[in-house]
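The values are calculated or read from the model by the stated rules, or taken from the named source; none is laboratory data. Bear in mind the structure is a predicted one, so any value in this text is a computation, not a measurement. Cβ coordinates were reconstructed from backbone atoms using ideal geometry, including for glycine residues, and neighbour counts include every protein chain displayed.
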Amino acid sequence: MADKCILSSTPDEITKLGAYCLSNSTPLPASIRDVAATTASETGSKSMMACSLVQCHWLMTTTEMLRPKRVLELGTFTGVSTLAFYEATRDSLAEIITVELDKEYASMAERGFGKYVSGGRVELLRMCCADALRLVKGQFDLIYIDADKGGYAGYLRDILDRRLLSSRGVVLVDNALIFGLVVDDSFTSNVPAGRLESFQESAAQLRKFNEFVASDSRITCSLLPAFDGVMCIRWR
Ligand SMILES: C[S@@+](CC[C@H](N)C(=O)[O-])C[C@H]1O[C@@H](n2cnc3c(N)ncnc32)[C@H](O)[C@@H]1O
C-alpha cells in the first residue's frame, strides 16, 4: 500500500491543507500567534526558518504527551517553537533552555519571552550549540534539534555520549528530509527559487545524519514524512 505523504503536495495544496488543519484545531495561544506574525513581518524571507503554526500544534501536543521536566532546544530563531514548548508545559512548569548564536534573532526571541514568559522558565543561551552542549548540566526529557544542518551529527553524538537525554527522553530532529532532497534530486518542486544548491548541500548533510542515526545501536529511531521530515530518537 502506498504511503500517504504530505511532501508530495504542491505549494498551493500545502497552503490549503495548512489552513484547513488550523481551522479544525483549537486556536493556538496568543503568544505563538503574535511572535509568528512579528517574525513574518520583521524577518521577510528568513521567516521560513520559523516553525509553522501547524507544526506548533504538533510540537505542543507531543510535548503535552511527553510531560518533560526539562527541554533543550538547539536553534531558537525568534522563539516560535520555544513558546510552543513553554505553552505546552504550563502545568508541569518544565525548565526550557534554548540556544541561539545570532545576536539579532536572540534579541527578537527575548522580546517575545519578555512579553509572554513568566517564572523564569525559559533560559536563552546566546552561544553556538557545541558550546551550549558542553555547558548544560543534567538530563533532558525532550531535545529539539533545529539549528545548522552540518552540526546535527556532532550534536547528537555529544547528547548520546554525555547522556544528556534522560532514559524516557526523546530527541526530535527537524528538517530530516529537506523537501525530499535527501532521497534524490528529483524533489525540487517545492524548493524556493534560487536556493536549490544550498538545500542540496543541507540534504547531503541530513542524508549522512539519517544514516548515522539509523546505524547507532544505542538508539531506536523513526523518520516521519511530516512537515520537512522529523526524526524521532529514543534510547534502545
Ligand atoms: C531553523 S532556525 C530555528 C527555528 C526555531 N526552532 C523555530 O522553529 O521557530 C535555526 C536557527 O539556528 C541558529 N543557528 C544556526 N547555527 C547555529 C549554531 N551553530 N549555534 C546556535 N544557533 C545556530 C540560526 O541562527 C537560526 O536562528
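Among the residues making up region 86-99, those that are under 24 Å from residue 130 (Cα atoms) and either touching a Phe, Trp or Tyr at 6+ places or on another chain (Cβ under 9 Å) or more than 12 Å from the ligand (Cβ to nearest atom) (or both) are 86, 94, 95, 96, 97, 98.
One line per residue, one yes/no per condition, for (1) part of a helix (DSSP H, G or I); (2) of a type outside the set (Gly, Ala, Ser); (3) surrounded by 15 or more Cβ atoms within 10 Å (Cβ to Cβ):
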| residue | (1), (2), (3) |
| --- | --- |
| 105 | yes, yes, yes |
| 119 | no, no, no |
| 143 | no, yes, yes |
| 159 | yes, yes, yes |
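For residue 61, the criteria (1) surrounded by 19 or more Cβ atoms within 10 Å (Cβ to Cβ); (2) of a type outside the set (A, V, I, L, M); (3) under 15 Å from the mean Cα position of the chain (by Cα) hold in every case but one, which is (1).
Scanning region 178-198 for residues that are assigned to a helix (DSSP H, G or I) and touching a residue at least 40 places away in the same chain (Cβ under 8 Å), we see that the one that is farthest from residue 6 (Cα to Cα) is 178. For residue 38, the requirement of being away from the ligand (no atom under 14 Å from the Cβ) and assigned to a helix (DSSP H, G or I) is not met. Considering region 145-157, and only residues there that are surrounded by 22 or more Cβ atoms within 10 Å (Cβ to Cβ) and more than 13 Å from the chain's Cα centre (by Cα), the residue that is farthest from residue 77 (Cα to Cα) turns out to be 156.
Regarding residue 69, is this residue more than 21 Å from residue 168 (Cα to Cα) and either under 16 Å from the mean Cα position of the chain (by Cα) or surrounded by fewer than 20 Cβ atoms within 10 Å (Cβ to Cβ) (or both)? Spelling it out, it is not the case that residue 69 is more than 21 Å from residue 168 (Cα to Cα) and either under 16 Å from the mean Cα position of the chain (by Cα) or surrounded by fewer than 20 Cβ atoms within 10 Å (Cβ to Cβ) (or both).
What are the residues in region 64-85 that are more than 13 Å from the ligand (Cβ to nearest atom) and outside any loop (DSSP other than H, G, I, E, B), if any?
Step one: filter region 64-85 for residues more than 13 Å from the ligand (Cβ to nearest atom), giving 64-70.
Passing the criteria: 64, 65, 66, 70.
Taking every residue in region 72-96 that is under 17 Å from residue 227 (Cβ atoms) and of a type in the set (Val, Ile, Thr) and pairing it with any residue that is in a helix (DSSP H, G or I) and within 13 Å of the ligand (Cβ to nearest atom), at least 6 positions away or on another chain, the pairs with Cβ-Cβ distances below 6 Å are 80/35; 80/36.
Look at region 125-144: where a residue is under 16 Å from residue 85 (Cβ atoms) and of a type in the set (Ser, Thr, Tyr) and a partner is within 12 Å of the ligand (Cβ to nearest atom) and part of a helix (DSSP H, G or I), sitting 6+ places away or on another chain with Cβ atoms under 7 Å, you get 144/81. Going by what's in this entry, would residue 51 be described as assigned to a loop (DSSP other than H, G, I, E, B) and within 28 Å of residue 107 (Cβ to Cβ)? Judged against the criteria, residue 51 is a match. The condition of being of a type in the set (A, V, I, L, M), more than 21 Å from residue 33 (Cβ to Cβ), within 12 Å of the ligand (Cβ to nearest atom) and not in a loop (DSSP other than H, G, I, E, B) holds for only one of 147, 153, 132, 109, that being 132. Only one entry of 25, 31 meets the criterion of being modelled with pLDDT of 95 or more and either more than 18 Å from residue 100 (Cβ to Cβ) or not in a helix (DSSP H, G or I) (or both), and that entry is 25. In this structure, is residue 217 more than 16 Å from the ligand (Cβ to nearest atom), small (Gly, Ala, Ser), assigned to a loop (DSSP other than H, G, I, E, B) and modelled with pLDDT of 95 or more? Considered against the rule, which asks whether it is more than 16 Å from the ligand (Cβ to nearest atom), small (Gly, Ala, Ser), assigned to a loop (DSSP other than H, G, I, E, B) and modelled with pLDDT of 95 or more, residue 217 comes out as yes.
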